Structures are given as C-alpha cells and as structure tokens.
C-alpha cells in the first residue's frame, strides 16, 4: 500500500543546507526543484526534501515534535567522530533502548537530526 516516503526540512539558506546534507553528511543529490526545493536520497527509499522558507511557513530549526534519524552502516562512534571533525556538534553515542544507540546533532538551521545504530 505505501511504497516509500519523504520528510520535508525547512531551511533558511538552501545552498548552505545542500552543502551540509551532501558534503558533510554524504547524501546523494536527487534533483533541484528551482530555488526553493532540493530532493536528497537518504537511502533505502527515504527521500529528504529541503524546502526554502516562505512568509507564514514553518520556521527552520523550531523543532519539537519531529526529528530525522539516519541509520549508519559503520560504528556510530566512527560516524560521530567524522562529523565532529567536520565541525558538527554531535552528542556522544548513548543507549536508545534495546540494541539501539543514538547520537543527536542538528543541521545549520538547528533542525534536530540523529544517527542510529542497531546492533544485529
């Protein structure tokens, strides 16, 4: 019934956001929809849409009811250290319950993001 999904992240500076998500996080650029929208491949059917702000729209970084998680394919501490070396303030990995470890950080607008490692 459902065949994939997307999350929209509102950003104040599209070029800065694209540089962060593609350069710092290593996500693949799918397409640019003019000046106001960029689609990124978050892996395994997960699309991320970066949307420019607009009058009366959501405020970037105002979070609270949602955050975006990224599964890692190598040890979470290694990924967190790599992001720290790139200037990203990442929490130390901590237990998220059961076999899950999480490390929280934010994008340049302060939108809440996290890394997630699931022990297999």
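Give the residues of region 33-76 that are touching a helix residue (DSSP H, G or I) at 6+ places or on another chain (Cβ under 8 Å) and modelled with pLDDT of 90 or more, sorted by residue number. Correct list: 36, 38, 40, 48, 50, 52, 72. I'd like to verify a number: residues in region 21-37 that are under 19 Å from residue 112 (Cβ atoms) and in contact with a strand residue (DSSP E or B) (Cβ under 9 Å, 6 or more places away or on another chain), how many? Total satisfying the criteria: 3. When the residues of region 54-66 are filtered to those that are surrounded by 15 or more Cβ atoms within 10 Å (Cβ to Cβ) and touching a strand residue (DSSP E or B) at 6+ places or on another chain (Cβ under 6 Å), the one that is nearest to residue 16 (Cα to Cα) is 60. Scanning region 97-120 for residues that are free of Cβ contacts under 8 Å to residues at least 40 places away in the same chain, more than 15 Å from residue 75 (Cβ to Cβ) and touching a strand residue (DSSP E or B) at 6+ places or on another chain (Cβ under 6 Å) turns up 104, 105. Based on this model, can you work out whether residue 75 counts as in contact (Cβ under 8 Å) with a residue 24 or more places away in the chain, more than 12 Å from the chain's Cα centre (by Cα) and not assigned by TED's automatic domain parsing to the domain that holds residue 7? In short, yes.
Hey, among the residues in region 78-94 that are surrounded by fewer than 18 Cβ atoms within 10 Å (Cβ to Cβ) and part of a loop (DSSP other than H, G, I, E, B), which one's farthest from the chain's Cα centre (by Cα)? Taking the candidates together, the pick is 92. Among the numbered conditions (1) in the same structural domain as residue 22 (by TED's automatic domain parsing); (2) free of Cβ contacts under 8 Å to residues at least 40 places away in the same chain; (3) surrounded by 15 or more Cβ atoms within 10 Å (Cβ to Cβ), tell me where residue 50 comes up short. Condition not satisfied by residue 50: (2).
The values are calculated or read from the model by the stated rules, or taken from the named source; none is laboratory data. Computed from a predicted model, the values in this text were never measured in an experiment. So basically every Cβ, Gly included, is an ideal-geometry build from the backbone, and we count neighbours across all protein chains shown.
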